[in-house]
Amino acid sequence: MKYIDLTQVLRAGMPVFPGDPAVGLKTATASPQVTEVIFGTHSGTHLDAPSHFFPDGKKLSDFAVESFVGKGVLLDVRGKKNIDKEILLHAEIKPGDIVLIYTGWQGKYGTKEYFKDYPVVSEGLAKELVRLQVKMLGIDTPSPDKEPFLVHETLLQKEILILENLCNLEKLLKTKDFGIIALPLRLETDGGPARVVAKIYE
């Protein structure tokens, strides 16, 4: 069994989505050492829950642990700026799968460019993922869409979780059989950082 970490390191001064709170780490007590951690719920590699867009929607803490694990499917869309449902033509996706979109944008992580002009998912693709009854959509960009965030609304209203700021997806390109574990803290919030791991079965 092999595991691949798909998670960006959560550290002080790391890049955050424009307007989000900065990430801070500071020593609260020196002996024994206790660190105070300050971050927004959408810092680093994280999950979006329905309440991120719908006030009455589920919070992270409302989801059963089974919601955060499942069979993974990787879609390689490098070079595409607008990611439409045509990318599913040769994909085998079953209900409950976790779909990961590899754009290659993670290479810009840590730069100002990362939050500008990133590839986006179309509303049509989001609707098709709803029809296919996937469990989660993950991507190696800061967001699958931009304002007015129709992809977020389409997925979250159907309680399909969204994973953002993934990394190391290139390590899955030659892997056909893998699972995804994306466990967040059990926060009663609209989202939160998650440790995301690919479990290789081959």
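No value in this document is a laboratory result; all are computed from the given coordinates. Values in this document were obtained by computation on a predicted structure and should not be read as measured data. Glycine gets a Cβ as well: all are built from the backbone with ideal geometry, and neighbour counts include every protein chain shown.
Name the pairs whose Cβ atoms lie under 6 Å apart, with the first residue in the stretch 182-202 and more than 17 Å from residue 64 (Cβ to Cβ), the second of a type in the set (Lys, Arg), and 6 or more positions between them or separate chains?
200/2
Test each condition in (1) more than 24 Å from residue 183 (Cα to Cα); (2) of a type outside the set (S, T, N, Q); (3) touching a Pro at 6+ places or on another chain (Cβ under 8 Å) for residue 46 and report the one that comes out false.
Here residue 46 clears every test but (1).
Let me confirm something: among 111, 103, 154, 141, which residue is of a type in the set (Ser, Thr, Tyr) and surrounded by fewer than 18 Cβ atoms within 10 Å (Cβ to Cβ)?
111
Given (1) under 14 Å from the mean Cα position of the chain (by Cα); (2) without any contact (Cβ under 8 Å) to a residue 12 or more places away in the chain, where does residue 107 come up short, assuming only one miss?
Looking at each condition in turn, residue 107 falls short on (1).
Just one of (1) in a loop (DSSP other than H, G, I, E, B); (2) within 15 Å of the chain's Cα centre (by Cα); (3) more than 23 Å from residue 172 (Cα to Cα) trips up residue 141, so point out which.
(3)
Which of the residues spanning the stretch 102-125 are in contact with a strand residue (DSSP E or B) (Cβ under 9 Å, 6 or more places away or on another chain) and more than 19 Å from residue 169 (Cβ to Cβ)?
Matches in the stretch 102-125: 122 only.
Could you list, in sequence order, all residues of the stretch 157-170 that are surrounded by 15 or more Cβ atoms within 10 Å (Cβ to Cβ) and on the phi < 0 side of the Ramachandran plot?
158, 160, 161, 162, 163, 164, 166, 167, 169, 170
Any idea which of 98, 38 is β-branched (Val, Ile, Thr), without any contact (Cβ under 8 Å) to a residue 24 or more places away in the chain and more than 20 Å from residue 147 (Cα to Cα)?
Checking each option against the conditions leaves just 38.
Identify all residues within the stretch 116-138 that are surrounded by fewer than 17 Cβ atoms within 10 Å (Cβ to Cβ) and of a type in the set (S, T, N, Q); write none if there are none.
The one that is surrounded by fewer than 17 Cβ atoms within 10 Å (Cβ to Cβ) and of a type in the set (S, T, N, Q): 133.
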